[in-house]
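**Q** Dropping a structure here in structure tokens format, bear with me for questions.
The values are calculated or read from the model by the stated rules, or taken from the named source; none is laboratory data. The model shown is predicted, which means the values in this text are computed figures rather than measured ones. Ideal geometry is used to build each Cβ from the backbone, glycine not excepted, and the neighbour counts take in all protein chains shown. What goes into the accessible areas is simple: the full protein's heavy atoms, side chains included, and nothing from ligands, DNA or RNA. Shrake-Rupley method; radii C 1.70, N 1.55, O 1.52, S 1.80 Å.
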Amino acid sequence: MYRYTPEQKEYLWQIIPGHSHKEIADMINNKFNLAITAGRVKSFIGNNHLNTGRTGRFEKGHIPQNKGKKTGNYPGSEKTQFKKGHVPHNYRPVGSERVDVDGYTWVKIEDLKKWKMKHVLLWEKHNGHIPKNHVIIFGDKDKTNITLDNLILVSRKQLVRMNQYGLIGSDAELTKTGVIVADVMNKCGEMKAKG
């Protein structure tokens, strides 16, 4: 660890405001013929609770170096740029399907990476928009069985109760009965809460 002389400390306190750590290191090295690094200057500033006054941000009214200059391509860079009409190798057209890690099938509905679950699209096509705080579940738990008679609209409140008591069966009719049971349980809970 380098120990600064009182004269060097006095000089550092004078030059620290408004200068970077590298500038301060260069200035003290030139004046006292030393080999102090910018890191050592940073440590000195931190240990002595000093501040350079620099924020690292551009101050209001700062004029960028490239203001008014025309920016362009570097010579030869045209070879590696995408050409007009280029289609990426992983592009999928609208209507494409993919299956996510949870087993849900998604359908691409717009070119700007807009996808929607296939079972939700089917439900909305035949029944309209899904109400707020409601979801569509698969009656037989099979996420690949995307048919209208296998899709059941439930509220999130019903779904919590159904998951809690295992009321989603391997048959759509049993699951529909489970929805009714969940409603009864929720109603009983509300009545108990009222006293």
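**Q** Picking from 58, 138, 82, which is most flexible by a Gaussian network model of the chain using Cα springs under 10 Å?
**A** Its mean-square fluctuation being the largest, the pick is 58.
**Q** Quick one: ranking 89, 62 by accessible area, 1.4 Å probe, largest first, what do you get?
**A** The ordering from most to least exposed comes out as 89, 62.
**Q** Suppose the chain between residue 45 and residue 160 were pulled fully straight at 0.36 nm per residue; how much longer would it get relative to their current alpha carbon spacing?
**A** Value of the extension gain: 35.6 nm.
**Q** Using θ = phi - 60° and the Karplus form 6.51 cos²θ - 1.76 cosθ + 1.60, what ³J(HN,Hα) does each residue of segment 54-63 get, whole Hz, x for Gly and Pro?
**A** Listing the rounded values in order: 8, 9, x, 10, 6, 6, 4, x, 4, 9 Hz.
**Q** Still on this structure, I have one more. Gaussian network model of the chain, Cα springs within a sub-10 Å range: biggest mean-square fluctuation belongs to which of 178, 139, 18?
**A** 18
**Q** Against the longest principal axis of the chain, how steep is helix 172-194, in degrees 0 to 90 to the nearest 10, with axes from Cα atoms?
**A** The answer is roughly 70 degrees.
**Q** Please work out how much accessible surface residue 2 shows to a 1.4 Å probe, ignoring ligands, DNA and RNA, in Å² rounded to 10.
**A** 70
**Q** Still on this structure, I have one more. What nm distance separates the two modelled labels at residue 55 and residue 173, each placed 7 Å from Cα along Cα→Cβ?
**A** The modelled label-to-label distance comes out at 7.2 nm.
**Q** Sort the following peptides by mean Cβ neighbour count (other Cβ atoms within 10 Å, averaged over residues), highest first: 73-81, 21-29.
**A** Put in order of decreasing packing, that is 21-29, 73-81.
**Q** Out of 169, 39, 128, any idea which swings most in a Gaussian network model of the chain, alpha carbons joined below 10 Å?
**A** 39
**Q** Per residue of the chain, what 222 nm ellipticity follows from adding -39500 (n - 2.57) for every DSSP H run with n ≥ 4, rounded to the nearest 500?
**A** Computed mean residue ellipticity for the chain: -12000 deg cm²/dmol.
**Q** Fully extended, how many nm does the chain gain between residue 185 and residue 67 (0.36 nm per residue separation, minus their Cα-Cα distance)?
**A** 35.6 nm
**Q** P(r) for the chain, please, calculated from all Cα pair distances in 10 Å bins and given in %.
**A** Answer for the chain: a P(r) of 7, 18, 13, 10, 9, 14, 17, 10, 3 percent.
**Q** Taking 30 Å as R0, compute the FRET efficiency from the Cβ-Cβ separation of residue 145 and residue 101 and round it to 0.05.
**A** E(calc), rounded to 0.05, equals 0.95.
**Q** Under a cut-off of 25 Å between alpha-carbon atoms, report the lysines in cross-link reach of residue 42, not counting same-chain residues fewer than 8 places apart.
**A** 9, 22, 31
**Q** Shifting gears a bit: Quick one: what are the phi-derived ³J(HN,Hα) couplings along segment 96-107, Karplus 6.51/-1.76/1.60 with θ = phi - 60°, whole Hz, x for glycine and proline?
**A** Result, rounded to whole Hz: 5, 10, 8, 10, 7, 5, 8, x, 7, 8, 10, 10.
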